[in-house]
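The values are calculated or read from the model by the stated rules, or taken from the named source; none is laboratory data. Treat the numbers as computed from the prediction; the structure is a model and nothing was measured. Glycine gets a Cβ as well: all are built from the backbone with ideal geometry, and neighbour counts include every protein chain shown.
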Amino acid sequence: MGEAIAFYTLSFFILVFAVLVVTTKDTVHSVLFLVLDFLFVAALYALLGAPFLAAIQVLVYAGGIVVLYLFVVMLVNLKRPPEAHEDPHRRTRFGYALSVAVLVELGVVAAYSHAIPAPVLAGARSVIPVSGNTEEVGWLLYTSYLIPFEIASMLLLVAMIGAIVLAKREL
Amino acid sequence: MDLFVIPLLKILIVLNATLVGVTYMVLLERKVIAWAQSRLGPMRVGPYGILQPIADAVKLMLKEDITPARADRWVFTAAPIIAMVPALIVYAVIPFGDKATLFGREITLYITDINVGLLYIVSVASVGVYGIILAGYASNSKYPLLASLRASAQLISYEVAVTLTLVSVILVAGSLSMVQIVRAQESAGWWFVFVQPLAFAIFFIGGLAETNRAPFDMPEAEQELTGGFHTEYSGMRFALFFLAEYANMIVVSSVATTLFLGGWLRPFPGVSALSFLDIIPGWTWFLVKSFVFLYIFIWVRATLPRYRYDQLMRIGWKVLIPLAIVNLVVTGIIKVMLL
Amino acid sequence: MADDSEKPPLPPAVAPGMPAEGAGTAVPSAATGAEAAPASPAAKAAPAPAAAKPAAAKPAAGGPEHAPKAAAPTGPTEPAPPVDLPVPAFIASLQSAISGSVIHVSYWVGDWTIVVPASQLLEIARHLREAADAAFDFCSDVTATDWPPRAERFDLVYCLYSTRHRHRVRVKARVADQQPVASVTPVWPSANWLEREVFDMFGVNFTGHPDRRRILMPEDWQGYPQRKDYPLEGPGELLMENPLDWLKLRQAREESDIE
Amino acid sequence: MFDTNELVLNMGPQHPSTHGVLRVVLRLDGEKVVDADVVIGYLHRGIEKLSENRNWTQIILLTDRMDYVAAATNNVGYCETVEKLMAIEVPRRARYVRTILCELQRIASHCLWLGTHAMDIGAMTVFLYAFRERELILDLFEEFCGARLTYNSMRIGGLPQDLPPGWDKKVLEFCRIMDGKLDEYEELLTHNRIWLERTKGIGTLTAAEAVDLGLTGPPLRGSGVPRDIRKDEPYAAYDEFTFDIPIGTAGDTYDRYLVRLEEFRQSLRIIRQATEGIPEGPIVGKVPRLIKPPAGETYHAIESPKGELGYFIVSDGKSTNPYRFRVRPPSFCNLQGLRRMVKGHLVADVVALIGSLDVVLGEVDR
């Protein structure tokens, strides 16, 4: 019962902040709502019995990545009006299209997860004991999900090199 | 009842002790620096000025709370709170002692022991940086902006080094829980400072940098940036920043004590010849060790000039982080070999 | 060694013109009780009549040559050097290098001064800096003196020093109000601020100055405070005595600015 | 998207490390200084103009207010200039006392410089230590003339009063204390790694540049130009003492620091010699009751703690006030070098460089 109340409260706030992120005019405020969003998501993880994931969520997203966002937002003047030749509504339309795509995707995932028999989900849940899951996360990462993990790290490496090349052309 | 009342009581005690400790930390700093500089320090309020923190608190509360005209009001108000709250909630996982018996009840001397305690501390501390960045941004003034940029760059860079040293400690201890780390030191018979001296040194330097203390106090370098990110703050909001800094100092000292100096353990827990020291309760050891740390923080401030911003970044990225990585790799190899 | 006590006691009453009678050693006329004042270098000492006394009993008696009346002086006293005192070589070489460059040479209490035409100032400055016997690489001061009734009312004064030869000279140029005069900043970068100050205080019209702005006074200040005809009392005093009048004056001024 | 906007930062006139009311408008690229405009005049009191309407004795008091941390030096410079105009011979005892006071003043001024300079770089203990020793000098001055900051401690022709009994012993005692304290300062700074990193290679000036910029005093000597008016054109009683002129090699902030620290020692050396050899005799030369120099003009410079302090005075010979009173303030001319020095350095170096020039705004603006 208490868990349900907490879950719905958190979800409500997550949605509200998510909407605020895209509707707020001031970019810094928008980034701040994003931070709040991440923090509430972290709380959700904690609620689901995944404190490790919650801590990582706060550390990496709220504490690391968004700080860099904030840097960019503060340093770069984003109040530039759109260029004359640009269609002012082009981005909006693009945004709508993207949201529809994501919604459809979510629907598919939801439908698919309903189609999976319950015992599989139960089995997945049992991997994560309530007491602690750091070890399990590590174990899973380096066994079942080794290839995705390595691919992700390669991707990050490529992104890093790309960023350096872009930033310092005359290297 | 035990589920709620005792933790609540503990939270209340720790919170109050922290706030009082922080205010007295300010007095301690003023006194220690005064002695270092052949002065007396505060002497007027109470005998030897021991009531000075109270007078300061009253003064700061009664001062006018100014919001600059063109500031971002909400963010300006939120920033000191964002700075203060993480500094306080970190205390939830710091083990001040092991167990004590009070009124026939066995009570653990920590609020909670979560198995990702260390990670929790690091992640919560990483949110604290928002207070500084936002203060700088919301003030709508150039000095705070420069200071907040410095501060965030500094915090992010040093966090990498500090976190890497923590990982090597975790490798040695085999746990992320603060209590388990102390227990690991108990069973090893050594404080981890002897096992991980390099990690300890990096943690200490990184701790100085992360709490914006001299010689890394660039974000609030008053000689350059007229007070840094809190230039535009006054009254209690300024006090919150001030208190957050000292609370963070205590956090860093406590974490260092727990990770490297054996927390509540007596010196050389493995040497049974020293077991007569066990008469002294564990929390005393903890407090004494933390105090030594805090004293060193102050001592450093009284002694050293300030680094320049680029030098600070250079030390962070070119010295501390490589050293931390090397330390981590060596620790990992030794750990694997010994297993 | 060149202490005051060794400075030649100069006769104030006959000061202008400096009759060069007897290049005697300095008479320590004022050395009452000082035991054994350090040997004063006779070579450097200027000639002084033995009877000379420091400005004493009747200081105002002997008026300067330029202004026999008690009226405001119209110019500085620039006594010529005593005939038996050799003029420094660099002055002679300057004279020969740039014709007409030295209008007047003066010597007083150990300081050499040359008066040069303002039109040739930059050329002379360059020579003084570059000539081997002068080598005045250090411009220690630029200032001015205001002598109002005179047509060329300002004396621009450049105090030069040579770090190589360790000698000094004062170069003077007479300029009128608004008369353009070349800035010496290209020759001595250190003259930059000093000339700005002269511009600020006297309104001397420097040309070719890289950054000619007011330096000490506010940028919107009217007038040039160091001129002799600048009123000693003005709005500032009015403010203290009668703030309302001051405010009116200021408003009137602001309105006239807007127009 | 990423336009390289320059940030214009207005440093001062209200800023903790501009040593008063200096204003530096910095154009920054990130934290790097692209250009700087030094704005002065916030403390302009018109001392030159005021002096044209004061009599010759009253001006001594005004000179106190220029470089207010070295008031006695200003007094000496002014009095000597007037003495030069009037050809007054100052008794040897008075000249000795002037030398002692000038050197004490130099130590006091350098103490203040060391304290504030170290403070600007973040070493705050040195500040208190240096002020502690400066206090001893102020005590000595207080005993001599009754004042602690603006001394009015000279008269044209000599001194206002003789030394109080036992004063010379106290001066020697001070020298003994100061010797040890200097080592204390050096221990905190000279080989301190952070201090070295903060000062070495910062604001480097070659000898030629320093001369061109019109620097004098320690900033000039730090660049390796052995120019000191005490040696080159001795005044007071400096020709009777042996002392060295320290010069730097690299011309950076660290060299200027070393030069000043060595000047402490040389000053102590001069004070010792002067105090031990102080002659008996009168303290005032033969000065007319009404001071009215003959018509004429002169420029006389002395070595103040900041550099060449010159007085250019024109007397019309008729009135009891100077026709023109001009001061060549060393701080003003040294400050001119700041713009050249800060270019390409960071904001933190700007304060280090302002400290390194050791300017006193009372003298810059007069």
- Message: Please verify whether residue A:155 is at pLDDT below 90 and exposed (fewer than 11 other Cβ atoms within 10 Å of the Cβ), treating the condition exactly as stated.
- Response: no
- Task: Assess whether residue A:22 counts as being over 13 Å from residue B:123 (Cα atoms), under 15 Å from the mean Cα position of the chain (by Cα) and at pLDDT below 85.
- Result: yes
- Task: From C:146, C:177, grab the single residue that is surrounded by fewer than 24 Cβ atoms within 10 Å (Cβ to Cβ), of a type in the set (Asp, Glu) and within 11 Å of chain D (Cβ to nearest Cβ).
- Result: C:146
- Task: Could you look through region D:223-268, keep only residues that are aliphatic (A, V, I, L, M), more than 14 Å from every other protein chain (Cβ to nearest Cβ) and under 13 Å from residue D:210 (Cβ atoms), and pick out the one that is surrounded by the fewest Cβ atoms within 10 Å (Cβ to Cβ)?
- Result: D:250
- Item | Residue within region D:252-271 that is more than 27 Å from residue D:177 (Cβ to Cβ) and either small (Gly, Ala, Ser) or touching a residue at least 60 places away in the same chain (Cβ under 8 Å) (or both) present | yes
- So how many residues does region D:1-29 have that are at the interface with another protein chain (Cβ under 9 Å from one of its Cβ atoms) and either at pLDDT 85 or above or surrounded by fewer than 16 Cβ atoms within 10 Å (Cβ to Cβ) (or both)? 8
- Select, from C:144, C:134, the only residue that is among the small types (Gly, Ala, Ser), touching a residue at least 12 places away in the same chain (Cβ under 8 Å) and assigned to a strand (DSSP E or B). C:144
- Query: Quick one: is residue B:144 more than 10 Å from chain A (Cβ to nearest Cβ), without any contact (Cβ under 8 Å) to a residue 12 or more places away in the chain and more than 13 Å from residue B:258 (Cα to Cα)?
  - Reply: no
- Query: Any idea how many residues of region C:187-223 are surrounded by fewer than 24 Cβ atoms within 10 Å (Cβ to Cβ), outside any helix (DSSP H, G or I) and away from chain D (no Cβ under 11 Å)?
  - Reply: 11
- Task: Return a yes/no flag: does region D:168-180 have any residue that is surrounded by 17 or more Cβ atoms within 10 Å (Cβ to Cβ) and β-branched (Val, Ile, Thr).
- Result: yes
- Message: Given the options A:20, A:68, A:53, A:48, name the one that is crowded, with 17+ Cβ neighbours inside 10 Å and outside the structural domain of residue A:138 (by TED's automatic domain parsing).
- Response: A:53
- Query: Out of (1) part of a helix (DSSP H, G or I); (2) touching a residue at least 24 places away in the same chain (Cβ under 8 Å), what's the single condition that is false for residue D:319?
  - Reply: (1)
- Restricting to region D:121-175, what's the tally of residues that are assigned to a loop (DSSP other than H, G, I, E, B) and either closer than 23 Å to residue D:355 by Cβ or away from every other protein chain (no Cβ under 14 Å) (or both)? 17
- Message: So, in region D:268-312, exactly how many residues are over 30 Å from residue C:138 (Cα atoms) and assigned to a loop (DSSP other than H, G, I, E, B)?
- Response: 15
- Item | Selection status of residue B:95, surrounded by 24 or more Cβ atoms within 10 Å (Cβ to Cβ) and closer than 30 Å to residue B:278 by Cβ | yes
- In region B:32-53, which residues are more than 14 Å from chain D (Cβ to nearest Cβ) and either part of a loop (DSSP other than H, G, I, E, B) or surrounded by 15 or more Cβ atoms within 10 Å (Cβ to Cβ) (or both)? B:42, B:43, B:44, B:45, B:46, B:49, B:50, B:51, B:52, B:53
- Query: Do any residues in region B:61-75 that are over 15 Å from residue B:241 (Cβ atoms) and touching a residue at least 40 places away in the same chain (Cβ under 8 Å) have Cβ atoms under 6 Å from those of residues that are buried (at least 16 other Cβ atoms within 10 Å of the Cβ) and among the acidic types (Asp, Glu), where the two are at least six apart or on different chains, and which pairs are they?
  - Reply: B:68/B:232
- Note on the structure: Across region B:287-311, the tally of residues that are at the interface with chain D (Cβ under 7 Å from one of its Cβ atoms) and basic (Lys, Arg) stands at 2
- If we keep just the residues of region D:333-356 that are touching a Lys or Arg at 6+ places or on another chain (Cβ under 8 Å) and crowded, with 24+ Cβ neighbours inside 10 Å, which is farthest from the other protein chains (Cβ to nearest Cβ)? D:356
- Exactly one of (1) of a type in the set (Phe, Trp, Tyr); (2) at pLDDT 85 or above; (3) surrounded by fewer than 24 Cβ atoms within 10 Å (Cβ to Cβ) is unmet by residue B:283. Its number? (2)
- Note on the structure: Per the filter on region C:149-174, residues within 13 Å of chain D (Cβ to nearest Cβ) and either at positive phi or among the hydrophobic types (A, V, I, L, M, F, W, C) (or both) are C:154, C:156, C:157, C:159, C:160, C:166, C:169, C:171
- Message: Any residue at all in region C:198-220 that's among the aromatic types (Phe, Trp, Tyr) and touching a Gly at 6+ places or on another chain (Cβ under 9 Å)?
- Response: no
